[in-house]
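The values are calculated or read from the model by the stated rules, or taken from the named source; none is laboratory data. This one's a predicted model, so the numbers in the text were calculated from it and none came from an experiment. Every residue, glycine among them, receives a Cβ derived from its backbone with ideal geometry; neighbour counts consider all protein chains shown.
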Amino acid sequence: MTDRGSWHDQDAFWELVEPMLFNTQRLELAKEQVQQVEKLLQLPGGARILDLCCGVGRHSIELADLGYAVTGVDRTQRYIEQARQTALARGLGPVFLVGDMRDYRSPDGYDAVLNMFGSFGYFADEADDRKVVANMYEALRPGGQVLIETMGKEILARQFQERNWHEVDDLLILSEQKITQNWGRVETRWIAIRGTERIEHHVSIHSYSAVELSSLLADVGFREIRVFGSLDGIEYNQDAQRLVVVARK
């Protein structure tokens, strides 16, 4: 089973949601988040880091600014071009590549692989999620660590909103969510309105609990699996803000 050409492969979708995903507040938050990651993983100086699904490079660039050797990978050419331009303007040298996280493999021996901002569970076939995790494992040196930061199923259930909206400049983005497959997937209908123009996209994401994501990592060989409720390292309990899973090769 394959879903090449699905919502996550549509440039039009990523262009549509870009102002919402990478607004000023989120861009400014990147430096603090990177410092939290640095503390959580206890990264060695000059560590080699793979930022998988890096978007416009907001975390990659801040990591490079701290002296790490960073490679950022994203399937959206538009985002990668922006990341390169931003890094160049700041005099930094992270490497940015266009690539699908199911296909990108690197034998380079990274010290850490990051997958942040809910960039996991995109695919119709859960075997593709396993493939991504296996690629992460192969990319790490022995003892290297992976960090996945996403919206855990438990948090989604607590905070679920059937409808929501965002307004960015002259663009109004409406979202309608529903749960399917016994809380296995979140189906979202995105509607964007600008003047008389209306654009609609349908998004389907696999929802993982802390136990399910930990099991997936363990299945491909990861060990020392730790679960947190935010990048700050708080406990994953009823007060958790995000699902953060860290594991070692």
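In the stretch 100-152, of all residues being within 21 Å of Ile80 (Cα to Cα) and among the charged types (D, E, K, R), the one that is farthest from the chain's Cα centre (by Cα) corresponds to Asp108.
Per the listing Trp190, Trp183, Trp165, the residue uniquely aromatic (Phe, Trp, Tyr), touching an Asp or Glu at 6+ places or on another chain (Cβ under 9 Å) and not assigned by TED's automatic domain parsing to the domain that holds Leu43 is Trp190. State whether the residues of the stretch 70-84 include one that is of a type in the set (Ser, Thr, Tyr) and either farther than 30 Å from Ile191 by Cα or not assigned by TED's automatic domain parsing to the domain that holds Ala112 (or both). The answer is yes, given that some residue of the stretch 70-84 is of a type in the set (Ser, Thr, Tyr) and either farther than 30 Å from Ile191 by Cα or not assigned by TED's automatic domain parsing to the domain that holds Ala112 (or both). Of the residues contained in the stretch 68-76, none is found to be surrounded by fewer than 20 Cβ atoms within 10 Å (Cβ to Cβ), of a type in the set (Asp, Glu), farther than 16 Å from Leu140 by Cα and modelled with pLDDT of 95 or more.
Would you call Arg130 modelled with pLDDT of 95 or more, surrounded by fewer than 20 Cβ atoms within 10 Å (Cβ to Cβ) and in contact with a helix residue (DSSP H, G or I) (Cβ under 7 Å, 6 or more places away or on another chain)? Yes, satisfied.
Sort out which residues of the stretch 153-168 are under 25 Å from Glu18 (Cβ atoms) and either in a helix (DSSP H, G or I) or not aromatic (Phe, Trp, Tyr) (or both), and write them in order of number. Residues satisfying the conditions are Ile155, Leu156, Gln159, Gln161, Glu162, Arg163, Asn164, His166, Glu167, Val168. For the residues Glu126, Glu62, Glu149, Glu162, the requirement of being in contact (Cβ under 8 Å) with a residue 24 or more places away in the chain and under 18 Å from Arg185 (Cβ atoms) singles out Glu126. Filtered by the rule that a residue be of a type in the set (Gly, Ala, Ser) and not in a helix (DSSP H, G or I), the stretch 104-144 gives Ser106, Gly109, Ala112, Gly118, Ser119, Gly121, Ala124, Gly143, Gly144. The residues on offer are Val37, Val73, Val56, and the sole one that is farther than 29 Å from Ala12 by Cα and β-branched (Val, Ile, Thr) is Val37.
Pairing residues of the stretch 17-42 that are closer than 25 Å to Tyr110 by Cβ with residues that are part of a loop (DSSP other than H, G, I, E, B), at Cβ distances under 6 Å and at least 6 apart in sequence or on separate chains, gives Phe22/Val56; Gln33/Leu231; Gln36/Leu231; Gln36/Asp232; Leu40/Gly233.
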